[in-house]
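In what follows, a structure is listed as structure tokens, so that the remarks can point back to it.
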Amino acid sequence: MSEKIVMRTGEATVFASPGQYTDAMPEIVIGRMDGPVGAAFANLMGQTAGHTRMFAVRDCNQMAKPATMMVPKVTIKNSATVNLLGSVLQAATADAVVDCVADGIIPRDQVNDLCIIDLVWLDPQAVTDPNLDQKDLYRTNYEATRLAISRAMKNEPSIDELIANRHKIKHCMYDPDA
């Protein structure tokens with residue numbers, strides 16, 4: 001049996017191809033069903049207006065393991081947003097989770113004991129873009145979800161990395177010195 005995973009967190013950002021609004025920024029928590037992550041997972045089963053939650057499924061009757069709950073970071077205001085969340089993002093998320101198990105990032109012997117909560121970002125501009133590249137939307141979400149899970153399982157970034165970069169790296173959307 002692998003190490004007991006109580007709760008791990010991870011995040012990643014993968015940027016869109018030029019001209020697209022397909023940036024992906026998942027924030028995930030992974031842990032045991034019988035721990036704090038499992039309790040939070042169960043509590044998320046109820047719906048909240050504007051924040052439709054859904055399992056990550058590869059297709060009908062093909063739910064990803066570990067069970068993964070996708071929670072949108074933005075308020076859903078139309079069916080076009082629900083359609084993208086329930087197709088492209090859902091497929092990318094589920095595929096990334098299953099591939100993480102296949103590649104040994106998530107211990108295979110724990111898939112029925114773990115769950116993942118995945119906060120997903122869908123840029124509102126992507127929904128209205130007539131030239132939306134759904135393959136790029138899939139790519140960014142697949143890569144970012146996989147990276148976020150990998151970082152969570154490896155406890156990355158380390159505190160040493162964060163301290164070393166504290167005065168070298170600025171937030172991409174805010175520079176206090178600017």
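Of everything in segment 1-20, what is under 16 Å from the mean Cα position of the chain (by Cα) and of a type outside the set (A, V, I, L, M)? Give them in sequence order.
Taking segment 1-20 as the starting set, the residues that turn out to be under 16 Å from the mean Cα position of the chain (by Cα) are 7-16.
Arg8, Thr9, Gly10, Glu11, Thr13, Phe15 - these are the residues of segment 1-20 that are under 16 Å from the mean Cα position of the chain (by Cα) and of a type outside the set (A, V, I, L, M).
Any idea which residue in segment 148-160 is farthest from the chain's Cα centre (by Cα), counting only those that are in a helix (DSSP H, G or I) and loosely packed, with under 11 Cβ neighbours inside 10 Å?
Per the stated criteria, the residue is Asp160.
For residues that are within 15 Å of Val101 (Cα to Cα) and part of a loop (DSSP other than H, G, I, E, B), tally how many sit in segment 63-79. Spell out the reasoning first.
Quick first cut of segment 63-79, residues within 15 Å of Val101 (Cα to Cα) only: 63-68.
Adding the requirement that they be part of a loop (DSSP other than H, G, I, E, B) leaves 64-66.
Result for segment 63-79: 3.
Across segment 141-163, what is the total count of residues that are touching a helix residue (DSSP H, G or I) at 6+ places or on another chain (Cβ under 7 Å) and charged (D, E, K, R)?
Residues flagged as touching a helix residue (DSSP H, G or I) at 6+ places or on another chain (Cβ under 7 Å) and charged (D, E, K, R) within segment 141-163 amount to 1.
Say whether the condition of being in a helix (DSSP H, G or I) and free of Cβ contacts under 8 Å to residues at least 40 places away in the same chain is met by at least one residue in segment 121-134.
To start, the set of residues in segment 121-134 that are in a helix (DSSP H, G or I) comprises 124-128, 134.
The next check asks that each one be free of Cβ contacts under 8 Å to residues at least 40 places away in the same chain; those that pass are none.
Checking segment 121-134: not a single residue is in a helix (DSSP H, G or I) and free of Cβ contacts under 8 Å to residues at least 40 places away in the same chain.
Using beta carbons and a limit of 8 Å, which pairs, at least six apart or on different chains, have the first residue in segment 91-103 and in contact (Cβ under 8 Å) with a residue 24 or more places away in the chain and in a helix (DSSP H, G or I) and the second one buried (at least 20 other Cβ atoms within 10 Å of the Cβ) and acidic (Asp, Glu)?
Thr93/Asp118
Let me spell it out: the conditions are (1) surrounded by fewer than 18 Cβ atoms within 10 Å (Cβ to Cβ); (2) farther than 17 Å from Arg8 by Cβ; (3) in contact (Cβ under 8 Å) with a residue 60 or more places away in the chain, and Thr140 meets all of them except one. Which number is the exception?
So the condition that Thr140 fails would be (1).
Being closer than 21 Å to Phe41 by Cα, in contact with a Leu (Cβ under 8 Å, 6 or more places away or on another chain) and outside any helix (DSSP H, G or I) is the requirement here; does Ile116 meet it? Outline the logic, then answer.
On the way: closer than 21 Å to Phe41 by Cα: yes; in contact with a Leu (Cβ under 8 Å, 6 or more places away or on another chain): no; outside any helix (DSSP H, G or I): yes.
For Ile116, the condition - closer than 21 Å to Phe41 by Cα, in contact with a Leu (Cβ under 8 Å, 6 or more places away or on another chain) and outside any helix (DSSP H, G or I) - is not met.
One line per residue, one yes/no per condition, for (1) loosely packed, with under 15 Cβ neighbours inside 10 Å; (2) β-branched (Val, Ile, Thr); (3) over 18 Å from Arg151 (Cβ atoms):
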| residue | (1), (2), (3) |
| --- | --- |
| Lys4 | yes, no, yes |
| Met25 | no, no, no |
| Val37 | no, yes, no |
| Thr48 | yes, yes, yes |
| Cys60 | yes, no, yes |
| Ala64 | no, no, yes |
| Val71 | no, yes, yes |
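A short reminder: the numbers here are calculations on the coordinates, not readings from a lab. The structure displayed is predicted, hence computed values, not measured ones. Counting neighbours? That spans all protein chains shown, and the Cβs are built from the backbone with ideal geometry, glycine included.
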